[in-house]
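Written below as structure tokens is the structure these notes are about.
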Amino acid sequence: FREERSMNNRQNGFGAFQLLVVIAVIGAISTVAVPKYKSFMNKAKLTEAYTLAAESKRKISEFYMMNGRLPRNVNETRGLKSETVSAPEYVRDMDVVAETGNHAVMVKVFLKNDVIENLAGVDQFIYLAVDKSTASSSQIEWSCGAYGIDTSLLPEGCQG
């Protein structure tokens, strides 16, 4: 009789301890998954900017092949900006600048405000540039980098 009674009193569902274990597991997974997701999304946003910069890089390389030199002024750089059919989602503006500091030519792609967390509140952009030291060689060499952005987020084509 006792065995029958204890079998009839069984409860269905989760107990408090089981619920706590499930909540702890979900919490542990989310502490790993959320930062990875943010990093993945930030890399995707920068890939959009890098794609625009790469198109201008191609145009500048063509200019170099046709003229035997890099663009030297605003008039020559004006037609070298990438053009898009629709407005980019994360890019605010871009610029192609001749003769800046150590660079013979630089493509800057500016991100919209607050696209990537920015503690310093500065303009964020990625760039492709040709150093002045390599500009006179037979083949130009490009460097890539970022300002106001963690360089580990740069697309693979911009690493190194």
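Coordinate-derived values only; no laboratory data. Quantities reported herein were computed from a predicted structural model and do not represent experimental measurements. Positions of Cβ are backbone-derived with ideal geometry, glycine not excepted, and every protein chain shown enters the neighbour counts.
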**Item:** Loop-located trypsin sites (Lys or Arg not before Pro) in the range 8-83 whose Cβ has at most 11 other Cβ within 10 Å (DSSP)
**Value:** 10
**Asked** Using alpha-carbon pairs under 8 Å, 6+ residues apart, how would you state the relative contact order of the chain in percent?
**Response** 19
**Complete:** P(r) over all Cα-Cα pairs of the range 13-78, 10 Å bins from 0 to the longest distance, whole percent per bin, short to long, reads 17, 22, 16, 14, 12, 9, 7, 3
**Asked** lysines near residue 108 by alpha-carbon distance under 24 Å, same-chain residues fewer than 8 away left out - which ones?
**Response** 38, 43, 45, 57, 59, 81, 132
**Prompt:** For residue 76, what charge total do you get from the other residues with a beta carbon under 13 Å from its beta carbon, if Lys and Arg give +1 and Asp and Glu give -1?
**Reply:** +3
**Complete:** With only helices counted (DSSP H, runs n ≥ 4, each -39500 (n - 2.57)), the per-residue ellipticity at 222 nm for the chain, to the nearest 500, works out to -14000 deg cm²/dmol
**Request:** Add +1 for every Lys or Arg and -1 for every Asp or Glu among the other residues with Cβ under 11 Å from the Cβ of residue 112, and state the total.
**Result:** -3
**Request:** State, to one decimal in nm², a quarter of the convex hull surface area for the C-alpha atoms of the range 7-160, i.e. the direction-averaged projected area.
**Result:** 14.5
